[in-house]
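Note sheet for the following structure.
No value in this document is a laboratory result; all are computed from the given coordinates. Given the structure is predicted, the values throughout are model-derived calculations rather than measurements. Here the Cβ positions follow ideal geometry from the backbone for every residue, glycine too, while neighbour counts run over all protein chains shown.
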Amino acid sequence: MVSAGDFEDEEHREFVRLEQRDGSHVVVSRAAFEVNAFATAASIRHDTPGVILDSYLDADTSLDAVELVSAGIWERIEGGYRIADQKEREFVERLHRNQVEPDGWPKTPDECPDHMEGPNSRGRCCRCGTPIPPEDRIF
């Protein structure tokens, strides 16, 4: 990591050099690198794999989003951002499918006696994997 700049927080003064699929390199702040990781994971949990909605970002992270767009890691779309690399998007979508459709789970609410009774994640019932309305989600 390289350190530079007058930012108050350490994450914006340290930089990470990333190798792209084509062998080229981009440099982003550690803060942008972390936002990319956390936002990508959140996109899987929130059923928008590879798409980071504007509502997920706040004033502090919007600068990092611009940095990720400038570096070619994200691209701006209506309502948010999308992972720019097609292969990475396919990987994230595959992770999402594996989270939503684990083997051995019932697939419909009718097969799920405890539907929406227990803890849930990713906006889906932990037992059957069907979508839960946003107001009933615990996270």
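Listed by Cβ neighbour count within 10 Å, with the fewest neighbours leading, F91, F15 appear as F91, F15. When the inverse distances between all different Cα atoms of segment 1-84 are averaged and flipped, the Kirkwood radius reads 13.1 angstrom.
Distant-in-sequence amide contacts of Q20, defined by a placed amide H-H separation under 5 Å and a gap of 5 or more residues or a different chain, comprise H25, V26.
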